[in-house]
Amino acid sequence: MFRLEGSKTLAVDLAGDAVKAKNGSMVAYEGQMSFKKMTGGGEGLRGMVTRRLAGESMAVMQVSGQGTCYFADRASEINLVSLHGDKLYVEASNLLCTDAGLRTGTTFTGLRGGATGNGLFTTTVEGTGQAAIMSDGTAVVLRVSAQYPLFVDPGAYIAHQGNLQQHFQSGVNFRTLMGEGSGESFQIRFEGEGLVYVQPSERNTIGGNV
């Protein structure tokens, strides 16, 4: 069971089962635990090769045993996501922990993934179970409906789930509108029905600080 201790530490209660977590994110544990480094984000050789080609960096460890394990990473805020047979798309650097039964993969997302360190691909988490994602500052969860598409700064994007289509478009940027931008600028347009997770901090992207 996943639960939060404050907003920056994830506690996972294990009873002989396992979770997959970002390598090095364990900060404490109670009980009997074993730790195993996994190859290619837990996807085996094919996953490792895909991630290297894609530029997706995801070092993962498997934690199993009896007791409670605590995870955190650079004092990032943590958000819990429950999956019920659906799929979560998340930047690899923002994924902290998942139930071991959830399947992780890599998918092409077009030029939207051009944020520095994130490549042209993003990580997928699929199945039934819980996942914990991180944000720089308290994330907001924005709902997208067929009537109201959502426009997101690529540097602030964390993850999304649901029946959403995303389009990466250039020429418009929030800071450009205020006269603070420079060079070519970009944004993501989400259409359909689903949720988008956005952080109040921005990574550097191929359009610069956006």
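Is segment 165-175 home to any residue that is modelled with pLDDT of 90 or more and closer than 19 Å to Phe108 by Cβ? Within segment 165-175, one or more residues are modelled with pLDDT of 90 or more and closer than 19 Å to Phe108 by Cβ.
Within segment 101-139, being open to solvent by 40 Å² or more (accessible area, probe 1.4 Å), over 24 Å from Gln187 (Cα atoms) and either modelled with pLDDT under 95 or among the polar types (S, T, N, Q) (or both) holds for Gly101, Arg103, Thr128, Gln130. As a summary of the residue check, Leu142 satisfies the conditions (1) at pLDDT 95 or above; (2) more than 23 Å from Glu191 (Cβ to Cβ); (3) surrounded by fewer than 22 Cβ atoms within 10 Å (Cβ to Cβ) except for the one numbered (2).
The values are calculated or read from the model by the stated rules, or taken from the named source; none is laboratory data. Keep in mind that this is a model prediction, so the values were computed, not measured. FYI the Cβ positions are ideal-geometry reconstructions off the backbone, even for glycines, and counts take in every protein chain you see. Remember, those area values only see protein heavy atoms, side chains included, never the ligands or the DNA or RNA. Shrake-Rupley method; radii C 1.70, N 1.55, O 1.52, S 1.80 Å.
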